[in-house]
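Q: Sharing a structure below in structure tokens format, with a few things to ask.
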Amino acid sequence: MTTLQTLHLRAIEADLNMAAQLLRNGQLVGFPTETVYGLGADARDGTAVANIYDAKGRPSFNPLIVHVPDVASAKRYVQWNNTAQILADRFWPGALTLVLPLRDGHGLSSLVTAGLNTLAIRVPNHGTALRLLRLADAPIAAPSANPSGRISPTTAQHVLDGLAGKIAAVLDDGPCKVGLESTILGLTPDVALLRHGGVESEQIEDALGITLTQSTPEKITAPGQMESHYAPKAHVRLDASNIEAGEVLLGFGTMNCDLNLSEHGDLIEAAANLFDHLHALDKTGKPIAVAPIPQIGLGRAINDRLRRAAAPRG
Ligand code: AMP
Ligand code: MG
């Protein structure tokens, strides 16, 4: 990976414009929210989203939260409903993430949702974040701006300590109000609390006039680990050095195959293509053989996802 000269930008007009332009050009930009500093990328750009995982050194693909400046923007990407409107009226901008079905023609990279047909979306309660989102005029995917396994960053310096050289810029607007993570609420269409966070479950119950079904602790702490992970219906065979009768081949590098994750053997490109290609091959109804993917860099996250796809299902 090439080393970047990470820009240290401030919350002034010229720098905000620069940060927005970088995002629109598919670059990664750290920016403040009311919870922690996020690592932002244009959610429509598969390569940019793959670079989030690469920069963080994340060993697996979890769906990411997309940040937008207002409800009107959210409606471009998800199927909105009355419950979402009530919650947005009361809690947005704020630490409540809503998981809603994707809208047709949403235009987002499938890596953002890790291949799911639902999207986690929120409007952050932070003036600088909102200005940046408006200027970028793009849906911004953003997990915390720290290397995987390290403490979440609450200052721009934390972001630089972990990611300098790997991201285009960090937008510095002082320390975050060390808040909690956002609460994640599924509305697909049943209302389900997927993660506890800044907005209390009692407040949500009050807003909706319902009692939330108690999710198991497992589901709450690891929403991405459960049924919320995309798995192809087809049988998947890994490290395939040959193709057997009736199979379709998902390739990597120069080879004859049905679909290629990256002819050039580029792991960023492969990550960006992974879920689209799996979906497309799954549609053939045939078993899927997958060529070996090197266990380096993003290859680890790709292999993690492929292993889950290949695991026997109960
Ligand atoms: P983070 O961005 O690190 O705060 O984490 C985002 C969380 O949202 C992860 O735990 C994801 O599993 C969860 N999440 C994102 N999208 C979805 C979705 N479509 N369905 C269920 N959970 C989601
Ligand atoms: Mg994190």
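Q: So Gly165 clears everything in (1) away from ligand 2 (no atom under 16 Å from the Cβ); (2) buried (at least 20 other Cβ atoms within 10 Å of the Cβ); (3) farther than 30 Å from Pro101 by Cα except one condition, right? Which one?
A: The failed condition is (2).
Q: Next question, about the same structure. When you scan segment 266-273, do you find a residue that is closer than 23 Å to Ser109 by Cα, acidic (Asp, Glu) and not in a helix (DSSP H, G or I), even just one? Outline the logic, then answer.
A: Within segment 266-273, the first condition is being closer than 23 Å to Ser109 by Cα, and the residues that meet it are 266-273.
Pick out the ones that are also acidic (Asp, Glu) and you get 266, 269.
Next cut, not in a helix (DSSP H, G or I) only: 266.
Yes, some residue in segment 266-273 is closer than 23 Å to Ser109 by Cα, acidic (Asp, Glu) and not in a helix (DSSP H, G or I).
Q: Here is a follow-up. Assuming Ile140 fulfils every condition listed in (1) surrounded by fewer than 24 Cβ atoms within 10 Å (Cβ to Cβ); (2) touching a residue at least 60 places away in the same chain (Cβ under 8 Å); (3) within 16 Å of ligand 1 (Cβ to nearest atom) apart from one, which condition is it?
A: Unmet for Ile140, out of (1) surrounded by fewer than 24 Cβ atoms within 10 Å (Cβ to Cβ); (2) touching a residue at least 60 places away in the same chain (Cβ under 8 Å); (3) within 16 Å of ligand 1 (Cβ to nearest atom): (1).
Q: Where residues in segment 57-94 are in contact with a strand residue (DSSP E or B) (Cβ under 6 Å, 6 or more places away or on another chain) and small (Gly, Ala, Ser), which of them is surrounded by the fewest Cβ atoms within 10 Å (Cβ to Cβ)?
A: Among those residues, the one meeting the criterion is Ala84.
This table checks each residue for (1) at pLDDT 90 or above; (2) within 23 Å of Ile65 (Cβ to Cβ).
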site: Gly197; (1), (2): yes, yes
site: Glu200; (1), (2): yes, yes
site: Ile204; (1), (2): yes, yes
site: Ala207; (1), (2): yes, yes
site: Ile210; (1), (2): yes, no
site: Lys219; (1), (2): no, yes
site: Pro223; (1), (2): no, yes
site: Ser228; (1), (2): no, yes
site: Ala234; (1), (2): yes, no
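Q: Restricting the first residue to segment 243-272 and requiring it to be more than 11 Å from Ile288 (Cα to Cα), which pairs with a second residue that is among the polar types (S, T, N, Q) and assigned to a loop (DSSP other than H, G, I, E, B) meet a Cβ separation below 7 Å and a spacing of at least six or different chains?
A: Cβ pairs passing all conditions: Phe252/Ser262; Glu263/Thr254; Glu269/Ser262; Ala270/Ser262; Ala272/Ser109.
Q: Please work out which one of (1) away from ligand 2 (no atom under 16 Å from the Cβ); (2) over 14 Å from the mean Cα position of the chain (by Cα); (3) more than 21 Å from Ser182 (Cβ to Cβ) is the condition Ser110 fails and give its number.
A: (2)
Q: Filter segment 253-277 down to residues that are of a type outside the set (Asp, Glu) and over 16 Å from Ser60 (Cα atoms), then give me how many there are.
A: First pass over segment 253-277, keeping only residues of a type outside the set (Asp, Glu): 253-257, 259-262, 264-265, 267-268, 270-275, 277.
Filter once more, so that each one left must be over 16 Å from Ser60 (Cα atoms): 253-257, 259-262, 264-265, 277.
Adding up the residues that qualify gives 12.
Q: Just the residues that are in contact with a helix residue (DSSP H, G or I) (Cβ under 6 Å, 6 or more places away or on another chain) and surrounded by 24 or more Cβ atoms within 10 Å (Cβ to Cβ), please, taken from segment 110-120. Quick ask: steps written out before the conclusion?
A: Let us first name the residues in segment 110-120 that are in contact with a helix residue (DSSP H, G or I) (Cβ under 6 Å, 6 or more places away or on another chain), namely 110-112, 115.
Those that are in contact with a helix residue (DSSP H, G or I) (Cβ under 6 Å, 6 or more places away or on another chain) and surrounded by 24 or more Cβ atoms within 10 Å (Cβ to Cβ): Leu111, Val112.
Q: Turning to a different aspect of this structure: For segment 239-261, what are the residues that are buried (at least 16 other Cβ atoms within 10 Å of the Cβ), at pLDDT 95 or above and in a loop (DSSP other than H, G, I, E, B)?
A: Answer for segment 239-261, where residues must be buried (at least 16 other Cβ atoms within 10 Å of the Cβ), at pLDDT 95 or above and in a loop (DSSP other than H, G, I, E, B): Ala240, Glu247, Phe252, Gly253, Cys257, Asp258, Leu261.
Q: Within segment 286-314, work out how many residues are among the hydrophobic types (A, V, I, L, M, F, W, C), within 18 Å of Gly57 (Cβ to Cβ) and exposed (fewer than 15 other Cβ atoms within 10 Å of the Cβ).
A: Taking segment 286-314 as the starting set, the residues that turn out to be among the hydrophobic types (A, V, I, L, M, F, W, C) are 288-291, 293, 296, 298, 301-302, 306, 309-311.
Still in the running and within 18 Å of Gly57 (Cβ to Cβ): 293, 296, 298, 301-302.
Then keep just the ones that are exposed (fewer than 15 other Cβ atoms within 10 Å of the Cβ); that gives 296.
Result for segment 286-314: 1.
Q: Identify, by number, the condition in (1) out of contact with any strand residue (DSSP E or B) (no Cβ under 7 Å at 6 or more places or on another chain); (2) within 15 Å of ligand 1 (Cβ to nearest atom); (3) under 20 Å from Phe61 (Cβ atoms) that Leu180 doesn't meet.
A: (3)
Q: Of the numbered conditions (1) within 20 Å of the chain's Cα centre (by Cα); (2) within 16 Å of ligand 2 (Cβ to nearest atom); (3) of a type in the set (Val, Ile, Thr), Thr118 fails exactly one; give the number of that condition.
A: If we test Thr118 against (1) within 20 Å of the chain's Cα centre (by Cα); (2) within 16 Å of ligand 2 (Cβ to nearest atom); (3) of a type in the set (Val, Ile, Thr), just (2) comes out false.
Q: Among what's in segment 42-56 and is part of a helix (DSSP H, G or I) and among the small types (Gly, Ala, Ser), pick the residue that is surrounded by the fewest Cβ atoms within 10 Å (Cβ to Cβ). I'd like the intermediate steps shown before the answer.
A: Taking segment 42-56 first, the residues part of a helix (DSSP H, G or I) are 46-56.
Cutting the leftovers down to among the small types (Gly, Ala, Ser) gives us 46, 48, 50, 55.
Numbers: Gly46: 24, Ala48: 26, Ala50: 26, Ala55: 22.
Across segment 42-56, the extreme among qualifying residues is Ala55.
Q: Now for a separate question. Kindly indicate which of Pro189, Pro175 is under 26 Å from Leu212 (Cα atoms) and surrounded by fewer than 19 Cβ atoms within 10 Å (Cβ to Cβ).
A: Details: Pro175 fails: under 26 Å from Leu212 (Cα atoms).
The match here is Pro189.
Q: Let me ask you something else. Do we have Ala14 as among the aliphatic types (A, V, I, L, M) and surrounded by 16 or more Cβ atoms within 10 Å (Cβ to Cβ) here? If you could, list the steps in order and put the result at the bottom.
A: Values: among the aliphatic types (A, V, I, L, M): yes; surrounded by 16 or more Cβ atoms within 10 Å (Cβ to Cβ): no.
Taking the combined requirement at face value, the residue does not satisfy it.
Q: Something else now. Just for segment 145-167: of the residues that are away from ligand 1 (no atom under 15 Å from the Cβ) and of a type in the set (D, E, K, R), which one is farthest from the chain's Cα centre (by Cα)?
A: Filtering first and then ranking leaves Asp161.
The values are calculated or read from the model by the stated rules, or taken from the named source; none is laboratory data. These numbers were taken from a predicted model, which means no experiment stands behind them. Neighbour counts run over all protein chains shown; Cβ positions are idealised from the backbone, glycine included.
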